[in-house]
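Heads up, the thing below is written out as structure tokens.
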Amino acid sequence: MSFADFDFLEYLANIVDILLVWFVIYKLIAIIRGTKAVQLLKGIFVILIVKFVSDYFGLNTLSWMMEQVLTWGFLAIIIIFQPELRRALEQLGRGRLFARSGLQEEEDEEKMVEAIIKATDYMAKRRIGALISIERETGMSDYIETGIQLHSRISSELLINLFIPNTPLHDGAVVIQKNIVAAAACYLPLSESPFISKELGTRHRAALGISEVTDSITIVVSEETGSVSVTRNGELYRDLSGETLRELLTAELISPSRIKQAASTRWNWRGKKNG
């Protein structure tokens with residue numbers, strides 16, 4: 001093997017090494033995305049910036065304090081990020097940290113939509129009030145922590161039982177995270193919009209409120225009328241049929257982006273808007 005070949009192999013190994021490091025970093029960010037760990041990570045960057053500034057301007061006391069924080073920071077990170085580290089190790093043990101087929105994700109999403117449609121239809125016919133919020137890109141971990149955490153596989157039977165009147169978890173919202181029922185009896189922020197119809201109650205205001213601060217899709221079943229409503233991007237769409245609900249959830253949660261864009265017009269002509 002010539003010297004030129006050796007240089008080429010070393011160069012190729014360095015490229016592969018860098019790509020693998022970036023891939024690992026990407027996966028770690030994906031794991032902590034939507035959790036409080038993101039805010040803590042921002043705090044670490046602030047500490048690093050303060051350390052650099054204090055060294056540059058000769059602020060010895062502040063620099064010493066930041067140095068102590070960084071010295072003991074490794075132990076603090078293990079303690080603070082313990083839930084995320086445990087989840088990463090669990091996924092690694094299941095072989096899911098670095099690989100998860102798009103086909104499997106699509107199948108899970110289809111099952112989730114079918115379960116929501118079936119449960120919503122059942123509860124609407126019997127006028128069982130329900131509030132189901134589906135997390136998308138914006139994390140909802142802060143709201144999940146306000147309820148009773150379940151982390152259960154989604155099914156129509158589970159959703160129905162969670163909202164049966166006079167059961168411990170029927171009040172509040174069910175939050176679905178990554179095709180899993182993350183928690184029940186969650187508190188969602190109420191919308192303060194003056195344009196909401198006076199006939200709408202707390203469930204609709206909570207559904208609209210969460211859509212104003214996240215990109216989630218939230219389904220509401222009215223306890224008084226049995227009508228089904230959906231909130232998205234700060235808008236409330238009322239009196240949706242089962243078929244319309246299926247089209248909307250399929251377009252937003254399953255279909256490719258180009259189909260979503262073409263189907264987005266459905267939000268504008270189906271159902272009553274904000275009132």
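How big is the stretch 127-193 by the Kirkwood estimate over distinct Cα pairs, in Å?
12.0
Per-residue surface analysis assigns residue 202 an accessible area of about 100 Å², computed on protein heavy atoms at 1.4 Å probe radius.
Carbon and sulfur atoms: what percent of the 1.4 Å accessible area of the stretch 105-247 do they account for?
47
Loop-located GluC sites (Glu not before Pro) across the stretch 105-171 with a Cβ neighbour count of 10 or fewer within 10 Å are 137, with loop assigned by DSSP.
Just by accessible area at a 1.4 angstrom probe, what is the order of 224, 235 from largest to smallest?
The ranking, largest first, comes out as 224, 235.
3J(HN,Hα) along the stretch 151-157: 6, 10, 5, 6, 8, 5, 5 Hz, from the Karplus curve 6.51 cos²θ - 1.76 cosθ + 1.60 with θ = phi - 60°, whole Hz, x for Gly and Pro. Backbone amide hydrogens, once placed in the peptide plane, bring residue 236 within less than 5 Å of 274, excluding anything fewer than 5 places away on its chain. Summing charges over neighbours of residue 214, with a neighbour being any other residue whose Cβ is under 12 Å away from its Cβ, gives -3 when K and R count +1 and D and E count -1. Working from Cα pairs under 8 Å separated by at least six residues, relative contact order for the stretch 159-247 is 16 percent.
The values are calculated or read from the model by the stated rules, or taken from the named source; none is laboratory data. Given the structure is predicted, the values throughout are model-derived calculations rather than measurements. Cβ: placed from backbone, ideal geometry, glycine included. Neighbour counts: every protein chain shown. These area figures cover heavy atoms from the full protein model, side chains too; ligands, DNA and RNA do not enter into them. Shrake-Rupley method; radii C 1.70, N 1.55, O 1.52, S 1.80 Å.
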